[in-house]
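Comments concern the structure below.
The values are calculated or read from the model by the stated rules, or taken from the named source; none is laboratory data. Predicted model, so just to flag it, every value in this text is computed and none were measured. Note that we place each Cβ from the backbone using ideal geometry, even for glycine, and neighbour counts take in every protein chain shown. Quick note on the areas: whole protein, heavy atoms, side chains included, nothing else; ligands and nucleic acids left out. Shrake-Rupley method; radii C 1.70, N 1.55, O 1.52, S 1.80 Å.
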Amino acid sequence: MAEIKARPARREDMPRLLEIEKAALPSLQYLAAVEDLFFDTSNGELVVVDVDGVPAGFGRITVQPDLSGWFETARVDPAMQKMGVGAALWDRRLKICNERELIAVRMYTTFENEGSKKLAYRNKLDIAMFGREYSLPLAGVEAPTAPDFKQVTKPDEADAALLPYVLDYKGYYIANRTFYAANPATTAWLAGDGKVYAKDDAAMVCGSRYLHHTALHFGLMGGNLDDCISFAIAKGKEQGVPKIVTMIDKEDEKRAQVLTARGFVMSPSNIIMMERML
Ligand SMILES: CC(C)(COP(=O)(O)OP(=O)(O)OC[C@H]1O[C@@H](n2cnc3c(N)ncnc32)[C@H](O)[C@@H]1OP(=O)(O)O)[C@@H](O)C(=O)NCCC(=O)NCCS
């Protein structure tokens, strides 16, 4: 029987991990672009699972500012799937949650991803949100005059500005398909990171988590939605990114309508975020 063992990744694993990434999910490859971030052990671990000493899969656990564990980028070589590599990856990441005394585990996948969902359910996660991602390509879009948003850097002011809208997002902020629970620790971090903006009649979280050159993500908008979108477009244009992206709750008809009216295109992916409080 094959020996399956999980361990921290080493830099020299990268060529093999890139091979696995390409084979497992060719449509979504970004490991090379986030390599340094993923090897930063201060906020998590890039886990590799070996089968008889050969890397067969990998995945990361990222510790978020409120001490939630974000499980991301699980990839197993298709030739080595359904033999327990994914399960070993989960075991190691849950062990890290325990060691670091984390308060929750979350991940996203698509509703159709049976393997991914099975592992999450088996480890006692449940679906916490159904999401829909919307993108607006910026080529050919005129830069609007940016509405008069001010950056909010004080945690309590950021909380007060965002709180009226977070339930429309089931209580989460989202950027680059990464979900953060809305709570004082998260809001303080977002405000400190310069991602919270507000004006009299609107508030938003705007700024990507990573891959800054590929898209500007905005993680929440509330109040005057047209102004929020104009602000994101203006910022995207200023940064020179090809598109702006946002995710909303699947049942949020109001935002869906405004986004569609402004030319955003909905991704066909049925995104689900799964969660377990620890
Ligand atoms: C999802 C993924 C990580 C699972 O890895 P894995 O090594 O195959 O997982 P395991 O072997 O530990 O399987 C766990 C269980 O899920 C089942 N399973 C795995 N893939 C499955 C699939 N495609 N359909 C149905 N069940 C599946 C296994 O049979 C096993 O169930 P069992 O213990 O009852 O037999 C892997 O399929 C993968 O890399 N997919 C492509 C990338 C991806 O989708 N990543 C997740 C997105 S966030």
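Give me the net charge for the shell around Y121: Cβ to Cβ below 11 angstrom, other residues only, Lys and Arg +1, Asp and Glu -1. Taking every Cβ under 11 Å from that of Y121, the sum is +3. Remark: the chain carries 46 Å² of accessible area per residue (probe radius 1.4 Å; ligands, DNA and RNA excluded). The alpha carbons of the chain stretch over 63, 39, 32 Å along the principal axes, in descending order. Of the residues Y173, Y30, Y108, the one that moves most in a GNM of the chain with alpha-carbon contacts below 10 Å is Y30. Candidates V196, Y180, L167 compared by Cα position along the dipole of region 144-213: farthest toward the positive end lies Y180, with charges placed on Cβ.
Maximal additional length on extending the K150-N270 stretch stands at 39.8 nm, based on 0.36 nm per residue less the C-alpha distance. Looking at region 104-135, the GluC sites (Glu not before Pro) that sit in a DSSP loop and have at most 15 other Cβ atoms within 10 Å of their own Cβ are E112. In a DSSP loop and with at most 13 other Cβ atoms within 10 Å, the trypsin sites (Lys or Arg not before Pro) in region 18-89 are K82.
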